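Each remark here refers to the structure printed beneath this line.
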Amino acid sequence: MSLDLSTVIIQVSEMVAQLRSGRTERLSKINRAANTLHAQSLNVDKLKKKIALSKTTWLVAEPVEKLDNIYPLLLTPEEFSVLATDGSHIDVDRNQSAHCFLINISSIMLKYGKQPDALLENEPRVYSKDEDLVIPSPDGIREVPIEGNLLGMKRSVEECHKLAELAARLPEKSQALGLIDGTLILWNLEGYPDFVSKVLLEDQFLIYLDQIRQLNQHRQFALASYISYPRSTDVINAMRVGLCPKDYVDSDKCAACVTRECYGISGIHDRELFSGLLKLKERSALFISPSKIQKRYGQHLVYFYYVKLENEVARVEIPQWVARDKGLLDLSHSLIVDQCQRGHGYPVALSEAHEKAVVTGADRENFWQLIETSMVGEHLPTDGSAKSRSKRTRFV
């Protein structure tokens, strides 16, 4: 049965009316947040100390410089390359007779200048061996299956691995940008045992980041991740800490607060704040992203900035070694803006990477059908679940 749009449209109209009525209040909050940003910029060290002393259940960005610093776009190099990787996967399906998953990683290299060139590839890989499907504890007593969120993080690690391999092909003395879609922070690892974090983060992801960093010995290569239409509130939350009249913030006690100064800017996003502060193509000051998992990142600690583009304010995450190298930082800024101009508001290399990596619903059906057919050909049992079989049968 199709969706009853006649019922939905009434609810949508109500939702739009609520958004319209709250628009004035939202604009007022954004203006207050901007004023707070300028005020807190006068004593950044004081704010940093207050943030360090505070205990909050919400994520609070750590300022690196004056909060209201704004940087114009610098000239784009005449010769440069942009690399990107993206991935998609087919998760383990417990209703299928074969226990396996697939990761498809795309590789994009776009060369600009006097001799433009392009490389667009993808590489699917099926994981079916017992040792590929789990992450075991060092003592061998416990195993964590690679599926769901964990498979998503493994895919992110493989995207970084592929980018490191792709970047190693760059000629010496070249200038290039490497792009990853989404965040550089493996947030969801916080909910897994330490041995899982060690395998995916310390033994793999950070190793690949280090391989990319070392490429800068003979070339200029900036690594960045691009987050479109970010819903982050890290900078706003830093302003909330600054607004609090107390010496430090304990969010567990906020409910008993009488003044509630910080409520005046709550509920808005960082992108809304910087949309009014930045002019087209400008970038914001640098901030350090808050996360417990960041304590393991070392020299790859993730910084971020916001950049205003034609259609949105995007969040750009970069490792520490890019943030502390002005040449690499400026290169990331200029080439991201250039990519968005070429890609109608979104980095063209990431668009191409997504197109090469995507796995459709039909691809998933064909994948499982191929496995079943191959197993039948080898006279292996294909005893999938009744649920799986029922999905292929139309009863009415």
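The values are calculated or read from the model by the stated rules, or taken from the named source; none is laboratory data. Model, not experiment: these values are computed from the prediction. No Cβ is skipped: glycine too gets one built from the backbone with ideal geometry, and neighbour counts run over all protein chains shown.
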Qualifying positions in the range 40-79 - hydrophobic (A, V, I, L, M, F, W, C) and either surrounded by fewer than 17 Cβ atoms within 10 Å (Cβ to Cβ) or more than 21 Å from HIS333 (Cβ to Cβ) (or both): LEU42, VAL44, LEU47, ILE51, ALA52, LEU53, TRP58, LEU59, VAL60, ILE70, LEU74, LEU75
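For the range 166-268, which helices (runs of 4 or more DSSP H) that fit wholly inside it have 3 or more residues that are of a type outside the set (S, T, N, Q) and out of contact with any strand residue (DSSP E or B) (no Cβ under 8 Å at 6 or more places or on another chain)? Reasoning before the result, please.
Numbers: elements: 194-197, 206-214, 234-243.
Counting at least 3 such residues, we get 206-214, 234-243.
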Output the residues belonging to the range 322-349 that are surrounded by fewer than 19 Cβ atoms within 10 Å (Cβ to Cβ), more than 25 Å from ARG231 (Cα to Cα) and touching a strand residue (DSSP E or B) at 6+ places or on another chain (Cβ under 9 Å). ARG324, ASP325, GLY327
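Could you say whether any residue in the range 80-88 is of a type outside the set (Gly, Ala, Ser) and either surrounded by fewer than 18 Cβ atoms within 10 Å (Cβ to Cβ) or under 30 Å from ASN35 (Cβ atoms) (or both)?
Scanning the range 80-88 turns up no residue that is of a type outside the set (Gly, Ala, Ser) and either surrounded by fewer than 18 Cβ atoms within 10 Å (Cβ to Cβ) or under 30 Å from ASN35 (Cβ atoms) (or both).
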Pairing a residue in the range 350-366 that is under 21 Å from TYR226 (Cβ atoms) with any residue that is basic (Lys, Arg) and not in a helix (DSSP H, G or I), where Cβ atoms lie under 7 Å and the two sit 6 or more apart in sequence or on different chains, gives none
Subset tally (residues that are under 23 Å from VAL307 (Cα atoms) and either touching a Pro at 6+ places or on another chain (Cβ under 7 Å) or loosely packed, with under 15 Cβ neighbours inside 10 Å (or both)) for the range 17-38: 6
Which of the residues that make up the range 182-236 are more than 29 Å from SER137 (Cα to Cα) and more than 16 Å from the chain's Cα centre (by Cα)? ARG213, GLN214, LEU215, ASN216, GLN217, HIS218, ARG219, GLN220, PHE221, ALA222, VAL235, ILE236
Name the pairs: first residue in the range 1-20 and over 27 Å from ILE268 (Cα atoms), second residue in a helix (DSSP H, G or I) and small (Gly, Ala, Ser), Cβ to Cβ under 9 Å, at least 6 apart or on different chains? none
Restricted to the range 54-79 and to residues being more than 23 Å from SER284 (Cβ to Cβ) and either part of a loop (DSSP other than H, G, I, E, B) or in contact with a Leu (Cβ under 9 Å, 6 or more places away or on another chain) (or both), the residue modelled with the lowest pLDDT is THR57
Before we move on, is ASP132 surrounded by 13 or more Cβ atoms within 10 Å (Cβ to Cβ), free of Cβ contacts under 8 Å to residues at least 24 places away in the same chain and not in a strand (DSSP E or B)? yes
Contact list, first residue from the range 190-205 and exposed (fewer than 15 other Cβ atoms within 10 Å of the Cβ), second anywhere and modelled with pLDDT under 95 and of a type in the set (A, V, I, L, M, F, W, C), beta-carbon distance below 7 Å, six or more apart or interchain, is GLU190/ILE293
